[in-house]
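A short worksheet on the structure shown next.
The values are calculated or read from the model by the stated rules, or taken from the named source; none is laboratory data. Values in this document were obtained by computation on a predicted structure and should not be read as measured data. Cβ: placed from backbone, ideal geometry, glycine included. Neighbour counts: every protein chain shown. These accessible areas exclude ligands, DNA and RNA; they are computed on the full protein's heavy atoms, side chains included. Shrake-Rupley method; radii C 1.70, N 1.55, O 1.52, S 1.80 Å.
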Amino acid sequence: MTCLHGRHINPIILAGLDGNNWCIGDYMRRGGYSALKKVLSEKIPPEQIVNELKKSALRGRGGAGFPTGLKWSFMPKSFTGEKYLICNSDEGEPGTFKDRDIMRYNPHSVIEGMAIAAYAMGAKTGYNYVHGEVWDCYERMEVALEEARAAGFVGDNILGSDFSFQLYNHHGYGAYICGEETALLDSLEGKKGMPRFKPPFPASYGLYGKPTTVNNTETLACVPWIVLNGGEKFLSMGRPNSGGTKIFSVCGHVNQPGNYEVPLGTPFAKLLELAGGMRGGKKFKACIPGGSSMPVLPAHIMLATDMDYDSIAKAGSMLGSGGVIIMDETVCMVKALLRLSYFYFEESCGQCTPCREGTGWLYRVVNRIEHGQGKQEDLDLLVNVADNIAGRTICALGDAAALPVKSFITHFREEFEHHIESKQCLVPTYA
Amino acid sequence: MNAPMILSPEALAKIDKATTKYPPGQKRSAVMAALTIAQDEKGWLSTETMDFVAQCLGMPPIAVYEVATFYSMYDLQPVGKYKISLCTNLPCALSGANAAADYLKKKLAIDFNETTGDGQFTLKQGECFGACGDAPVLLVNNKRMCSFMTREKLEKLLAELK
Ligand SMILES: Cc1cc2nc3c(=O)[nH]c(=O)nc-3n(C[C@H](O)[C@H](O)[C@H](O)COP(=O)(O)O)c2cc1C
Ligand code: SF4
Ligand code: FES
């Protein structure tokens, strides 16, 4: 429901969807699978596809924003053994709900994107790791995959070519950390989802120790369009270094929460307008523009920012996964940070001391500030603990826990101080 | 192997099918699927059930316990007939999750991680389901997602499940 509206701008992935037209026949009527057909019938060399991806300036939509073409070029070309392609659909970054809509309303875009990506990297097997909480998406992907197999787009000798690609869906069952790509690989291997030390990177030692590339669902869903229309065209839809469109999940205090696919570089104010503006006409206070792991920004900075990787970075946050959390004047920033700190504390896998202990510290200190037992030194303590986590851990969950803390205190220090001094909140709490 | 059949033939067939997704020698990759199938049938994962899953997949039991305890949607204790997991993370809290939590707690007269006396309902606090645009959202028995859970919709849901 959240993307079935006409308020996208030049959409690629979410264009023409009505909630019922997710089947293979519908997808093909929209031009689906013609990119895969083109690749196989014209025998386009894999390097050429990777080059098109590089030209497109497509950057990973899963959070880190790494250039996709470059990532693909890391896969060893001369390696003749098994190589794997993984689609990361373990979407659990608070504020992000785009992959869910892609999977349930346009599942074949992911399958086609994976088949082309596998061809370009010489992978013969792929897995789509689906977040356990969205079981209907897992089932939808299972049905779509059967359709694709029956139509000959997945399996042996696809469309009569010598390219074979086996694809399977795998589901998680409740662990945020499995969104981290190496934790995901361990999880796929039937273990606890614990992030791995890097290097070695997955491109050399991934699933079952074989060369592996992990890409986000939305990243892969962009691939067919790029192959059909060219990298230049995708690039020109967005901004330099930020090619194409991006699906922003807008949630919180807006009138119409939902997914909005817009060209990268669209002004934030326009996105807010598409989402129906502030709920109840309340005043816009703050926004986390890239999923809960990214720094929060006050309204006036957001309103002067465009939604692309570089602009948001310049404004002091990150585009991340594109989860845009909107908060109005009724939000107590201490309470908001408390909930996020609890989340990272809960979800830390515990193998690095700075993260395991640090997330507990952050949670307990924010908790005592929220409950009127904070001390003046606590703010410095929080910053100190956050600094001791960031950059000292195996995976980026540590940074994800630290970044919000520092940004909340930087931009809303007076609220924290008020809590400490007056033992009460500066704003009425939200329901 | 003369172990008693802990799971039905249907469940075993499903587990077998799940193992075919993975390369030879990597059967244990199916452990999450197998535990899910077992839990669906049994309601929760007892040591006996996990041992059986371990045997099906040729894994040491301890490796299965490790997985089952790591992922939050597996229940290692009995739960009510309906386990309601409500997302209370920040995005959902901005759109009524706390009110939904208060309502459910009051109506069922239990707190998070408790089960009603009649064994009908267990209440759990969930983390982001990846569905924040539908807030408040909850899961019934892990697999059924209910969106936009206003007070009226919560009332209807509880009446339906009673
Ligand atoms: C704690 C944590 C959670 C993550 N969760 C996700 C996720 O749910 N989905 C995702 O695609 N990437 C997630 N990532 C990023 C992945 O590690 C990885 O960078 C991404 O899947 C690569 O795909 P991309 O290059 O197409 O973005 C997460 C990273 C961390 C550190
Ligand atoms: S940073 Fe935290 S979540 Fe990541 S590996 Fe270390 S302990 Fe685990
Ligand atoms: S925060 Fe509740 S579903 Fe994402």
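Considering only residues that are away from ligand 1 (no atom under 16 Å from the Cβ), part of a helix (DSSP H, G or I) and in contact with a Gly (Cβ under 8 Å, 6 or more places away or on another chain), which ones fall in region B:91-132? Result: B:LEU94, single match.
Among the residues of region B:1-39, write down those that are of a type in the set (Asp, Glu) and over 17 Å from A:HIS170 (Cα atoms).
Scanning region B:1-39 gives a single hit, B:GLU10.
Can you say whether A:ILE420 is over 20 Å from A:CYS287 (Cβ atoms), part of a helix (DSSP H, G or I) and more than 16 Å from ligand 3 (Cβ to nearest atom), as far as the supplied structure shows? So A:ILE420 passes the test. Of the candidates A:LEU159, A:LEU145, the single residue that is in a helix (DSSP H, G or I), within 14 Å of chain B (Cβ to nearest Cβ) and in contact (Cβ under 8 Å) with a residue 12 or more places away in the chain is A:LEU145.
Of all the listed residues (A:ILE389, A:ILE420, A:ILE394), the sole one being buried (at least 16 other Cβ atoms within 10 Å of the Cβ), away from every other protein chain (no Cβ under 14 Å) and away from ligand 2 (no atom under 15 Å from the Cβ) is A:ILE420.
State which residue is farthest from A:PRO94 (Cα to Cα) when the search covers only region A:346-360 and only residues that are more than 14 Å from chain B (Cβ to nearest Cβ) and within 6 Å of ligand 2 (Cβ to nearest atom). So, considering only residues that are more than 14 Å from chain B (Cβ to nearest Cβ) and within 6 Å of ligand 2 (Cβ to nearest atom), the one farthest from A:PRO94 (Cα to Cα) is A:CYS352.
Screening region A:203-223 for residues that are open to solvent by 10 Å² or more (accessible area, probe 1.4 Å) and away from chain B (no Cβ under 14 Å) and picking the one that is nearest to ligand 1 (Cβ to nearest atom) gives A:ALA203.
For region B:39-64, how many residues meet the condition of being part of a helix (DSSP H, G or I), among the aliphatic types (A, V, I, L, M) and within 12 Å of another protein chain (Cβ to nearest Cβ)?
Final tally of qualifying residues: 6.
Applying the condition of being within 12 Å of another protein chain (Cβ to nearest Cβ) and open to solvent by 70 Å² or more (accessible area, probe 1.4 Å) to region B:65-113 and asking which residue is farthest from A:LEU184 (Cα to Cα) yields B:ASP102. On inspection, A:GLY174 passes the criterion of being touching a residue at least 12 places away in the same chain (Cβ under 8 Å), within 14 Å of ligand 1 (Cβ to nearest atom), within 14 Å of chain B (Cβ to nearest Cβ) and surrounded by fewer than 24 Cβ atoms within 10 Å (Cβ to Cβ). Which one is nearest to the other protein chains (Cβ to nearest Cβ) among residues in region B:114-126 that are of a type in the set (S, T, N, Q) and surrounded by fewer than 21 Cβ atoms within 10 Å (Cβ to Cβ)? Among residues in region B:114-126 that are of a type in the set (S, T, N, Q) and surrounded by fewer than 21 Cβ atoms within 10 Å (Cβ to Cβ), the one nearest to the other protein chains (Cβ to nearest Cβ) is B:GLN125.
Residues in region A:157-170 that are open to solvent by 10 Å² or more (accessible area, probe 1.4 Å) and not charged (D, E, K, R) were compared, and the one that is nearest to ligand 3 (Cβ to nearest atom) is A:TYR168. Filtered by the rule that a residue be surrounded by fewer than 24 Cβ atoms within 10 Å (Cβ to Cβ) and small (Gly, Ala, Ser), region A:77-91 gives A:SER78, A:GLY81.
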